[in-house]
Amino acid sequence: MFNSRPTIRLVMPTLVVALMVTAPQRPALAESPFQNFLGGWIGTGSVVGADGHREAIHCRAHYADSKNGSALEQSIVCASESYKIDIYSYVENSGPEIQGYWRERVRDVAGSLTGHLSQSGFEGDIVAASFSAAIFLMANGRTQDVDIVPHGGDISKVRVELQRNG
């Protein structure tokens, strides 16, 4: 008596293995160089005037990647009783170099953003026709420090410490 079941059992696993081996493999997606920044953040900080006066601020920020992780969009809003900052920025990376633009919506000032990306952060410059500043962002995925140091003007430093929201 002929039994075809053993043949089917041998053919099916062989067919499955053959399909797995010959099926096109999708390349693994590279992790975004901005991974430590992505998502929502909340925190506090201070604005330090050129005269040394310090004022507390409360902030919220959101970062999202685009262009398959090679670009980053940032929105950060900070406010106190007498001060508000609302910045949107967009940057693209090319190796460790970053280039992009920023816009501060309250004062309607915009310009370029350039700098260098490292494993834990970003260091660069923001420039507009009437304003320039050094900017430093350090993030480890759970906390983030943002320092903006304007060149001239009535503000000498903005310092923000953020924690991941959620």
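Readers should treat all values here as calculations from the given coordinates under stated rules, not as data from a laboratory. What you see is a predicted model; the values in this text were computed from it and never measured. As a convention, Cβ positions derive from the backbone with ideal geometry for all residues, glycine included, and neighbour counts pool all protein chains shown.
The figures follow:
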quantity	calculated
Geometric extent, Cα atoms of segment 39-164 - Rg, Dmax (angstrom)	13.9, 44
FRET efficiency for S82 and R103, using Cβ-Cβ distance with R0 set to 35 Å, rounded to 0.05	0.95
I148, I126 arranged by Cβ crowding within 10 Å, fewest neighbours leading	I148, I126
Whole-Hz couplings from phi, Karplus 6.51/-1.76/1.60, listed for segment 155-162; x for Gly and Pro	10, 9, 6, 10, 10, 10, 10, 10
Whole-Hz couplings from phi, Karplus 6.51/-1.76/1.60, listed for segment 41-50; x for Gly and Pro	9, 9, x, 10, x, 8, 10, 10, x, 4
In Hz, Karplus ³J(HN,Hα) per residue of segment 95-108 (6.51, -1.76, 1.60; θ = phi - 60°; x = Gly, Pro)	x, x, 7, 10, 9, x, 9, 9, 8, 9, 6, 5, 9, 6
Stretch gain in nm, segment S75-R60, where the contour uses 0.36 nm per residue and the Cα spacing is subtracted	4.6 nm
Sum of side-chain charges, Y63 neighbourhood, beta-carbon under 12 Å (Lys, Arg +1; Asp, Glu -1)	0
